[in-house]
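One structure is given here, and the rest of the page talks about it.
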């Protein structure tokens, strides 16, 4: 057993001390008995932040067990920007948001006591005896000591047959592989955020627990900055803005994760989809359309029923056959390719579809339009000869970046996922060839990228394109994947110049990812104030009084004749109320018409974001400004 002296890392220490050591690539507690050297891991290091968050999760569990004697605690890992812990309270007790303040106060008492974290190794039976009153911990112990798979799932154990625990204070002990900060005094820059529900092990058939989320940082400054980002993210939440801007909602009568789009939301979809279609057709893609359901045999051939069945909707029995809603478009695009023999002269063949697919996402992971059960992918599948692969991927990635840039997105990065050393299908030579082609496309693009060694699915290396939005959040959008499995499963071929049959390469590519998720990204990136070319209503004309409505109607007609989306707000309320309403709806241009405008053929211009309105602007002058403002992705009629 190792003891760390109380106060060895308290917040008042003059010199910042490490939170852990990295010894031969492995993180260990600081100070580390038996290790004379190692890389010092400081609090601001991403690895240090993870240790701080995990340690804070332990303190939160300690506080909960103190406040609710008899509570059961499950797992409490660090996650991106924070941590959580799952609990089952005694009887029918439930956490409320008001309880978070009580828990925080108890945590600060524990931190003020500067309790040392003490690590100890236990045998299985010792651990089971220690946690005999904690059923979730006992289950983890049994799983961890029964095989490697369970150890991966739990994230709580030591190596081999031994188990590690950490004690702090006189009455708290947790099962954990560590490391932790030297003492609770090293913590303190934290905030508990919310309470949520969670099933034990993510299994809906297991007990439902309560999860408390929190965030922890290396300094009060970093914590405050993160909380400001959270406030800004809440202001931009597409679920809230979708209702406020009358774009979409999720009727309970239809079911979770299935959105209906209101007229303005449907128009936004139309603008996105038509721009995508137009650009694809201009770049040599051929449109296809495929049905929403298929016989099971298609997904047996593709392998989806073997690999992906849990993510598919259940089968439907029709006339003695099983049918499934499609989770992917690729098997049907392959059937288009196979419908006739192909010559090398027809390659590359680029098939494109805005195809709706259905995936049975668990209710706990659904998140507005960002995670749904019915989604439309701007899906392309490219079939090419091996010698065309590198050039095709290079032009394809350039196309992806150009299209995303048209939406005002510019902060890109990428990840190249490569072959796992043991889990892959196909030959090493094919993998190396495809990976080299993907890497050359990234090098040509100039996008910064990292290599995820061994991170590829077993059937294909890929590029994932990520971007950062206006407040620095990272979104994964486009994917380019070279499939080494489906061309073989469907026995695809083309006739080469030697009159022999050859196997084509197949590239999967979703540019938006899905239309729904891309809409969520854009709404949040722009905080609902979409660029003029994408705004469902581009111009709102507001007459000062009812007597000015005929002229306002003529202005609307002129704008519509010029290809713009304009409407009039009748003088049923005060002028100020109608202008405020238009601003709340984030309409790019508000035009006011009054007595002088009717005589002079002018308008008052109130531009979104402008400090003050303009008066007496000629209608033709305004149209020219509007054309320039809307000419981002193809002009006013886009």
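Among the criteria (1) touching a helix residue (DSSP H, G or I) at 6+ places or on another chain (Cβ under 7 Å); (2) within 23 Å of residue 247 (Cβ to Cβ); (3) modelled with pLDDT under 95, the one residue 534 does not fulfil is (3). For the range 96-120, a residue qualifies if it is surrounded by 19 or more Cβ atoms within 10 Å (Cβ to Cβ) and assigned to a loop (DSSP other than H, G, I, E, B), and the qualifying residues are 114, 115, 117. Among the residues of the range 26-50, those that are part of a loop (DSSP other than H, G, I, E, B), at pLDDT 80 or above and surrounded by fewer than 17 Cβ atoms within 10 Å (Cβ to Cβ) comprise 42, 44. May I ask you to say which residue of 175, 209 is modelled with pLDDT of 85 or more, surrounded by 17 or more Cβ atoms within 10 Å (Cβ to Cβ) and within 27 Å of residue 28 (Cα to Cα)? Within the list 175, 209, the selection yields 175.
Could you check how many residues of the range 422-481 are in a helix (DSSP H, G or I) and either outside the structural domain of residue 370 (by TED's automatic domain parsing) or surrounded by 15 or more Cβ atoms within 10 Å (Cβ to Cβ) (or both)? Number satisfying all stated conditions: 13.
Considered as a group, the residues in the range 140-167 that are farther than 16 Å from residue 54 by Cβ and assigned to a loop (DSSP other than H, G, I, E, B) include one that is modelled with the highest pLDDT, and that residue is 145. Condition check for residue 56 on (1) in the same structural domain as residue 110 (by TED's automatic domain parsing); (2) touching a helix residue (DSSP H, G or I) at 6+ places or on another chain (Cβ under 9 Å); (3) at pLDDT below 90: one failure, at (3). The residues on offer are 389, 375, and the sole one that is within 20 Å of residue 482 (Cβ to Cβ) and either in contact (Cβ under 8 Å) with a residue 40 or more places away in the chain or in a strand (DSSP E or B) (or both) is 389.
The criterion of at least 3 residues that are outside the structural domain of residue 410 (by TED's automatic domain parsing) and surrounded by fewer than 19 Cβ atoms within 10 Å (Cβ to Cβ) is met, among helices (runs of 4 or more DSSP H) falling completely within the range 510-621, by 549-561, 575-584, 595-600.
Of everything in the range 77-88 that is closer than 16 Å to residue 191 by Cβ and outside any strand (DSSP E or B), the residue that is modelled with the highest pLDDT is 81. Taking the listed residues 352, 424, the one that is in contact with a helix residue (DSSP H, G or I) (Cβ under 7 Å, 6 or more places away or on another chain) and modelled with pLDDT under 95 is 424, with no other qualifying. The criterion of at least 3 residues that are within 19 Å of residue 79 (Cα to Cα) is met, among strands (runs of 3 or more DSSP E) falling completely within the range 168-240, by 190-199, 208-216. Going by the conditions given, is residue 295 assigned by TED's automatic domain parsing to the domain that holds residue 488 and in contact (Cβ under 8 Å) with a residue 24 or more places away in the chain? When the stated conditions are applied, residue 295 does not pass them. Taking first residues from the range 393-406 that are free of Cβ contacts under 8 Å to residues at least 40 places away in the same chain and partners that are buried (at least 20 other Cβ atoms within 10 Å of the Cβ), the Cβ contacts under 9 Å between residues at least 6 apart in sequence or on separate chains come to 395/441; 405/412.
Among the residues of the range 332-341, just one is touching a residue at least 60 places away in the same chain (Cβ under 8 Å) and over 19 Å from residue 302 (Cβ atoms), namely 341. In the range 121-139, what residues are part of a helix (DSSP H, G or I), touching a strand residue (DSSP E or B) at 6+ places or on another chain (Cβ under 6 Å) and under 14 Å from residue 162 (Cβ atoms)? Hit for the range 121-139 is 127, nothing else.
In this structure, is residue 414 in contact with a strand residue (DSSP E or B) (Cβ under 6 Å, 6 or more places away or on another chain), within 16 Å of residue 505 (Cα to Cα), assigned by TED's automatic domain parsing to the domain that holds residue 398 and outside any loop (DSSP other than H, G, I, E, B)? It is false that residue 414 is in contact with a strand residue (DSSP E or B) (Cβ under 6 Å, 6 or more places away or on another chain), within 16 Å of residue 505 (Cα to Cα), assigned by TED's automatic domain parsing to the domain that holds residue 398 and outside any loop (DSSP other than H, G, I, E, B). Within the range 46-97, take every residue that is more than 16 Å from residue 197 (Cα to Cα) and free of Cβ contacts under 8 Å to residues at least 12 places away in the same chain and give me the one that is nearest to the chain's Cα centre (by Cα). Here the answer is 80.
The values are calculated or read from the model by the stated rules, or taken from the named source; none is laboratory data. What you see is a predicted model, and the numbers here were worked out from it, not measured in a lab. All Cβ positions, even for glycine, are placed from backbone atoms using ideal geometry, and neighbour counts span all protein chains on display.
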